[in-house]
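Novice: Submitted below is the structure of interest, expressed as structure tokens.
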There are 2 protein chains.
Amino acid sequence: MAAEFTKDLCTPAFTVDVDTVKRNARVMLERFEKLGVQLRPHMKTHKTVECADIMTGGARRCIVVSTLAEASFYADHGYDDILYAYPLPFDKVERCGQLAERLALFHVLVDNSAALEELKKRPLKQGKSWHVWMKLDCDNGRAGIPYSEPRALQLAKDIAATAGVNLTGVYAHCGNTYSCQGEEQIKAVAQETTTLTLQFMEKLKAAGIEGVKSSIGSTPSCSQPVPDMAMLSEVHPGNYVFYDVQQSLIGSCSLTDVAVRVLTRVIGHYPHRNQLLVDCGWTALSHDGGGKLPTGYAVIEGHPELKLLAMTQEHGRIEAVSGKLDFSKYPIGSMLSLMPYHACATAMMHPVYYVHSHGKIVGTWTPTRGW
Amino acid sequence: MAAEFTKDLCTPAFTVDVDTVKRNARVMLERFEKLGVQLRPHMKTHKTVECADIMTGGARRCIVVSTLAEASFYADHGYDDILYAYPLPFDKVERCGQLAERLALFHVLVDNSAALEELKKRPLKQGKSWHVWMKLDCDNGRAGIPYSEPRALQLAKDIAATAGVNLTGVYAHCGNTYSCQGEEQIKAVAQETTTLTLQFMEKLKAAGIEGVKSSIGSTPSCSQPVPDMAMLSEVHPGNYVFYDVQQSLIGSCSLTDVAVRVLTRVIGHYPHRNQLLVDCGWTALSHDGGGKLPTGYAVIEGHPELKLLAMTQEHGRIEAVSGKLDFSKYPIGSMLSLMPYHACATAMMHPVYYVHSHGKIVGTWTPTRGW
């Protein structure tokens, strides 16, 4: 990362290697094309049009979003077939209804019967029906009805039986892959989530409910898929387009697949406490990861001897992993390149991303924010 | 916080009680007016024009900023006498020079001789001189030359002796007040920082350097000042305009002084694991504080029985502090009001703040972002 372009960037700066982004996107597209499974990439990590174009192979169709602001943003940029994969928030039903009436396909997600009642109260115009995915919890422990509870099947039946509402799919997030270490553990969770989801699909069929899609996701499971995932309709990973240190530790990728950095400059030498200061605080990196890496809050590229010990709003304190710092190696004004622990959290802190290719800045991407 | 306006807000929403903001600002202005010390409020917490107007009592003069983006933003809105209280970053000297040429008073901060060399290389036009504050470290341990080191006085002398550069002030941040608990401990740190700063001012005088200002700051020290602070020229607190749970635990304020909230709605009931989900993830609250409060990542207003246990990007998991949750008390779609652990970190996550007074929304504030 001693690329020529870095010297002209004001720091802290969030940089995106667009060639790595394209490779990550292509690998995921090809992997699931081979498996015959629709990739519905998640936009939450980057929230930009440019990166969405890369992830969808230019199709501008079939995406997942985490906020309604993202859904509106992508709709405004010509995207369609958008799945708002979030437990239907009752304050946003009207805005969801307007998007559903405006787009060819806008999907919402439901995991409780009160949400179904909200949809009934807001029938769509133009004879349209709500496209509803039911969230199933396959041992992840966040949103969704646990697969093992009878009320999961009951809710699916209720959705399917409701006028003006279609049961379009069953959606499971295997966020429990984030506690895995290595391919074997990831594949075990991917297999379990796939099996439980497919078993639920069988229950639906047995209940006479046909034509319902199935989708599971998480970057680890989709980076290390199991063959049974070919029996799913869709998958919905998101982080893979950037990857990060966390994903490399889980076993989703290697560090060479990480497309993003925070560039930061040395702003002070404090030999009396064996520390450098850099111009990267939590406003530029986030506190995600809690500083538990051997190198603290990030991996400092090319400098395994350094640790990002702590951050305040605009300052980062760097010390030696062991022994005394050789300050002459890090002159004030010189650049360091941080590989983020969690790319989603770091990208979120930046109003603009600096995009580079082959050592040159080729543009900027501006994410959408808010809800 | 069952105010009428809340029901119409989409969540998560960052709300500001403007009456509390005005009270916090007035108390601080009056406190230091009585002491005969200039209040130079810090903008880093909110980064809005509206709140800056309140903090400066409408003067639009004499502020501190943490980023050059803030400096430019305030200059663009008619502010002047702006102190960029950050170790001069070498990539931003040209932008600093332009601001110094454009404004009546634009101050930079320096804590090393390499930075002074950078200023020499960029003389100001129109016969202007750089206004430089020297950062002194009075046992805080972040930026600044330690007060006890001979090179501190040497740097001050070098700044004062440099053509085209004025030594305008000495600046100390007593961030070490953040590890205090209670008035007595805060006052001890405030006293120590004041004493060390004033001793340094005496050394300057003894060296024949006169007319240099002195400033210390931090919200705890300025909320619990010691009489000797009357001998300083300025103080520079910032967070006090919002306050937060952290400040109440330190002893800077009571919880009734906290002006900001994150409003969030219940989006799911998960009785099998005794948890609620709310629509507030780390994108709306930040991970600041590390979840170490007895009530987790925030104080849930009016609900001491609840704990914000964990957050992912857009989901917050709430459990009972002890025993079983009575889910009927928190219907899906109902609102909870979170008091942030660290208002600076939470405000940073929001592209817009919803401002209310006497139970009604009276406007929105839009902060500046970036560097």
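Novice: Taking the stretch B:240-256 only, how many residues are out of contact with any Pro (no Cβ under 6 Å at 6 or more places or on another chain), surrounded by 20 or more Cβ atoms within 10 Å (Cβ to Cβ) and outside any loop (DSSP other than H, G, I, E, B)?
Specialist: Total satisfying the criteria: 5.
Novice: Tally up the residues in the stretch B:259-283 that are more than 15 Å from B:LYS307 (Cα to Cα) and either of a type in the set (D, E, K, R) or not assigned by TED's automatic domain parsing to the domain that holds B:TYR330 (or both), please.
Specialist: Adding up the residues that qualify gives 1.
Novice: Then there's this: Please go through the stretch A:1-41 and pick out each residue that is away from chain B (no Cβ under 14 Å) and of a type in the set (Gly, Ala, Ser).
Specialist: Those that are away from chain B (no Cβ under 14 Å) and of a type in the set (Gly, Ala, Ser): A:ALA2, A:ALA3, A:ALA25, A:GLY36.
Novice: Mind counting the residues in the stretch A:140-186 that are touching a residue at least 60 places away in the same chain (Cβ under 8 Å), away from chain B (no Cβ under 12 Å) and not acidic (Asp, Glu)?
Specialist: The number of residues fulfilling the criteria is 9.
Novice: Residues to consider are A:THR67, A:THR48, A:THR56; find the one that is more than 16 Å from A:LEU124 (Cβ to Cβ) and within 12 Å of another protein chain (Cβ to nearest Cβ).
Specialist: After ruling out the rest, the residue left standing is A:THR67.
Novice: Out of all the residues in the stretch A:191-220, which are among the charged types (D, E, K, R) and free of Cβ contacts under 8 Å to residues at least 12 places away in the same chain? Lay out the reasoning, then the answer.
Specialist: Applying the first criterion (among the charged types (D, E, K, R)) to the stretch A:191-220 yields A:192, A:202-203, A:205, A:210, A:213.
A:GLU202, A:LYS205, A:GLU210 - these are the residues of the stretch A:191-220 that are among the charged types (D, E, K, R) and free of Cβ contacts under 8 Å to residues at least 12 places away in the same chain.
Novice: Does A:PRO237 satisfy the condition of being touching a strand residue (DSSP E or B) at 6+ places or on another chain (Cβ under 9 Å), surrounded by 24 or more Cβ atoms within 10 Å (Cβ to Cβ), in contact (Cβ under 8 Å) with a residue 12 or more places away in the chain and within 18 Å of A:MET28 (Cα to Cα)? Walk me through it before giving the result.
Specialist: Working: touching a strand residue (DSSP E or B) at 6+ places or on another chain (Cβ under 9 Å): yes; surrounded by 24 or more Cβ atoms within 10 Å (Cβ to Cβ): yes; in contact (Cβ under 8 Å) with a residue 12 or more places away in the chain: yes; within 18 Å of A:MET28 (Cα to Cα): yes.
When the stated conditions are applied, A:PRO237 passes them.
Novice: Please go through the stretch A:272-299 and give me each residue that is more than 10 Å from chain B (Cβ to nearest Cβ) and surrounded by fewer than 23 Cβ atoms within 10 Å (Cβ to Cβ), ordered by number.
Specialist: A:ASN274, A:LYS292, A:LEU293, A:PRO294, A:THR295
Novice: A further question on this structure: Being over 20 Å from A:ALA345 (Cα atoms) and hydroxyl-bearing (Ser, Thr, Tyr) is the filter here, so list the residues in the stretch B:282-333 that pass it.
Specialist: Within the stretch B:282-333, B:THR295, B:SER322, B:SER328, B:TYR330 qualify.
Novice: Considering the stretch A:354-371 alone, what residues qualify as being more than 8 Å from chain B (Cβ to nearest Cβ) and part of a loop (DSSP other than H, G, I, E, B)?
Specialist: Once the filter is applied, which keeps residues that are more than 8 Å from chain B (Cβ to nearest Cβ) and part of a loop (DSSP other than H, G, I, E, B), the stretch A:354-371 yields A:HIS358, A:GLY359, A:THR366, A:PRO367, A:THR368.
Novice: Is it true that some residue in the stretch B:12-30 is assigned to a loop (DSSP other than H, G, I, E, B) and either buried (at least 22 other Cβ atoms within 10 Å of the Cβ) or touching a helix residue (DSSP H, G or I) at 6+ places or on another chain (Cβ under 6 Å) (or both)? Spell out the reasoning first.
Specialist: Step one: filter the stretch B:12-30 for residues assigned to a loop (DSSP other than H, G, I, E, B), giving B:12.
In the following step, the residues that additionally are either buried (at least 22 other Cβ atoms within 10 Å of the Cβ) or touching a helix residue (DSSP H, G or I) at 6+ places or on another chain (Cβ under 6 Å) (or both) were identified as B:12.
So far as the stretch B:12-30 goes, yes, one or more of its residues are assigned to a loop (DSSP other than H, G, I, E, B) and either buried (at least 22 other Cβ atoms within 10 Å of the Cβ) or touching a helix residue (DSSP H, G or I) at 6+ places or on another chain (Cβ under 6 Å) (or both).
Novice: Check B:GLY217 against each of (1) at pLDDT 95 or above; (2) within 14 Å of chain A (Cβ to nearest Cβ) and name the one condition it does not meet.
Specialist: The failed condition is (1).
Novice: Name the single residue, out of those in the stretch A:121-141 being in contact with a strand residue (DSSP E or B) (Cβ under 7 Å, 6 or more places away or on another chain) and charged (D, E, K, R), that is surrounded by the most Cβ atoms within 10 Å (Cβ to Cβ).
Specialist: Step by step, filter the stretch A:121-141, then rank; the result is A:LYS135.
Novice: Give B:ARG265, B:ARG261 a once-over and let me know the one that is outside any loop (DSSP other than H, G, I, E, B), within 14 Å of another protein chain (Cβ to nearest Cβ), surrounded by 18 or more Cβ atoms within 10 Å (Cβ to Cβ) and basic (Lys, Arg). First the steps, then the outcome.
Specialist: Numbers: B:ARG261 fails: within 14 Å of another protein chain (Cβ to nearest Cβ).
Every option except B:ARG265 fails the conditions.
Novice: In addition: Would you check which residues across the stretch A:273-330 are aromatic (Phe, Trp, Tyr) and either over 21 Å from B:PRO89 (Cα atoms) or in contact with a Phe, Trp or Tyr (Cβ under 7 Å, 6 or more places away or on another chain) (or both) and list them? Steps first, please.
Specialist: Looking only at the stretch A:273-330, we keep the residues that are aromatic (Phe, Trp, Tyr), and these are A:282, A:297, A:327, A:330.
Across the stretch A:273-330, the qualifying residue is only A:TYR297.
Novice: Just the residues that are within 14 Å of another protein chain (Cβ to nearest Cβ) and under 17 Å from A:ALA85 (Cα atoms), please, taken from the stretch A:129-139.
Specialist: A:MET134, A:LYS135, A:LEU136, A:ASP137, A:CYS138
Novice: Kindly indicate whether any position in the stretch B:231-238 is in a helix (DSSP H, G or I) and more than 21 Å from the chain's Cα centre (by Cα). Break it down into steps so the answer makes sense when it comes.
Specialist: We begin by selecting, within the stretch B:231-238, every residue in a helix (DSSP H, G or I); these are B:231.
From what's left, more than 21 Å from the chain's Cα centre (by Cα): B:231.
Looking through the stretch B:231-238, at least one residue is in a helix (DSSP H, G or I) and more than 21 Å from the chain's Cα centre (by Cα).
Novice: Sticking with this structure for a sec: Residue under question is A:GLU118, and the condition is that it be among the acidic types (Asp, Glu), farther than 17 Å from A:GLU202 by Cβ and within 14 Å of chain B (Cβ to nearest Cβ); does it hold?
Specialist: So A:GLU118 fits the description; yes.
Novice: Please work out if B:LEU88 is touching an Asp or Glu at 6+ places or on another chain (Cβ under 9 Å) and surrounded by fewer than 22 Cβ atoms within 10 Å (Cβ to Cβ).
Specialist: No.
Novice: Let me ask you something else. Can you run down the residue pairs with Cβ atoms below 6 Å, 6 or more apart or on separate chains, where the first is in the stretch B:325-353 and more than 12 Å from chain A (Cβ to nearest Cβ) and surrounded by fewer than 23 Cβ atoms within 10 Å (Cβ to Cβ) and the partner is at pLDDT below 95 and assigned to a loop (DSSP other than H, G, I, E, B)?
Specialist: Taking only residues 6 or more apart or on different chains, the pairs are B:SER337/B:MET1.
Novice: Of the residues that make up the stretch B:314-328, is at least one farther than 28 Å from A:ASN239 by Cβ, of a type in the set (Gly, Ala, Ser) and in a helix (DSSP H, G or I)?
Specialist: Checking the stretch B:314-328: at least one residue is farther than 28 Å from A:ASN239 by Cβ, of a type in the set (Gly, Ala, Ser) and in a helix (DSSP H, G or I).
Novice: Right, something else. Conditions: (1) more than 14 Å from chain B (Cβ to nearest Cβ); (2) polar (S, T, N, Q); (3) closer than 19 Å to A:HIS173 by Cα. A:GLN126 meets all but one. Number of the miss?
Specialist: A:GLN126 satisfies all of (1) more than 14 Å from chain B (Cβ to nearest Cβ); (2) polar (S, T, N, Q); (3) closer than 19 Å to A:HIS173 by Cα except (3).
Novice: Tell me, which residue of the stretch A:243-254 that is touching a residue at least 24 places away in the same chain (Cβ under 8 Å) and within 15 Å of A:GLY289 (Cβ to Cβ) is nearest to the chain's Cα centre (by Cα)?
Specialist: Looking at residues that are touching a residue at least 24 places away in the same chain (Cβ under 8 Å) and within 15 Å of A:GLY289 (Cβ to Cβ), I get A:TYR243.
The values are calculated or read from the model by the stated rules, or taken from the named source; none is laboratory data. All values reported here derive from a predicted model rather than from experimental measurement. Counting neighbours? That spans all protein chains shown, and the Cβs are built from the backbone with ideal geometry, glycine included.
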